[in-house]
């Protein structure tokens, strides 16, 4: 079936199109209700060098790496990807998805990292996202202390973490509901349209016309006449209707003649008997 034939066929069945639209809307509504909203909370932590001015900072090798405190902040952000931290964030109400990245300098002339660690935690509720971000902030100090302890850094020479931006209230992100509604609505509508198209052949091949002549017989006779005519230009809608009525009347007349001939033959046989 060509596209134009399919379009005309569907337009002749407005109730089918209405059904397709209703099914698509139903799928979209279900997708909207079933999709969950994700909330995110952000925070930032600054890694500071030891406060002492008596040379104790020099005894901390972690603050004397390349880029100084920035390298230590990068190490801490990498440590925040451990299973221990993931469990702590999940226990606080997070959904297990979070990020910890060191921020880069905003000065275009100085392309280097800063000792600022940006944290983002997500959850299915706003309060859960804030609690997860707070747990992630706490883990910055925990992981920083573990790193320095494993390096045998004296207590007075240890770097510290201070909260630069506290965890804020979780805010909804993305368009999960809208995306789910769109995808499921399109899928249901497309499936309903395929089902309607699949029913076209059976609807076209079966049934009878008002005169009682099978529609398949009318189409077959029209096809024969079309092939004999050698015409290669499609009929207009009015011409198609007229050809259908004419062929239907012709077949109905032939059918009536056949029936009358059979009845006459039966009568003659009964008389002879």
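The values are calculated or read from the model by the stated rules, or taken from the named source; none is laboratory data. The model shown is predicted, which means the values in this text are computed figures rather than measured ones. Don't worry about glycine lacking a Cβ; one is built from the backbone with ideal geometry, like all the others, and counts go over all protein chains shown.
So here's what we get for this one:
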item: Residue satisfying condition, being closer than 21 Å to residue 13 by Cα, modelled with pLDDT of 80 or more, surrounded by 10 or more Cβ atoms within 10 Å (Cβ to Cβ) and under 51 Å from the mean Cα position of the chain (by Cα), within set 204, 241, 208; result: 241
item: Conditions (1) at pLDDT 65 or above; (2) touching a helix residue (DSSP H, G or I) at 6+ places or on another chain (Cβ under 7 Å): number failed by residue 226; result: (2)
item: Residue satisfying condition, being under 25 Å from residue 38 (Cβ atoms), crowded, with 19+ Cβ neighbours inside 10 Å and at pLDDT 85 or above, within set 134, 187; result: 134
item: Residue within the range 43-62 that is surrounded by fewer than 16 Cβ atoms within 10 Å (Cβ to Cβ), in contact with a strand residue (DSSP E or B) (Cβ under 9 Å, 6 or more places away or on another chain), closer than 19 Å to residue 181 by Cα and at pLDDT 75 or above present; result: no
item: Residue in the range 212-234 that is farthest from the chain's Cα centre (by Cα), counting only those that are part of a loop (DSSP other than H, G, I, E, B), on the phi < 0 side of the Ramachandran plot and exposed (fewer than 14 other Cβ atoms within 10 Å of the Cβ); result: 231
item: Verdict on residue 139 being touching a helix residue (DSSP H, G or I) at 6+ places or on another chain (Cβ under 6 Å), at pLDDT 85 or above and assigned to a helix (DSSP H, G or I); result: yes
item: Unique match (being crowded, with 17+ Cβ neighbours inside 10 Å, modelled with pLDDT of 90 or more and in contact with a helix residue (DSSP H, G or I) (Cβ under 6 Å, 6 or more places away or on another chain)) among 120, 20, 85; result: 85
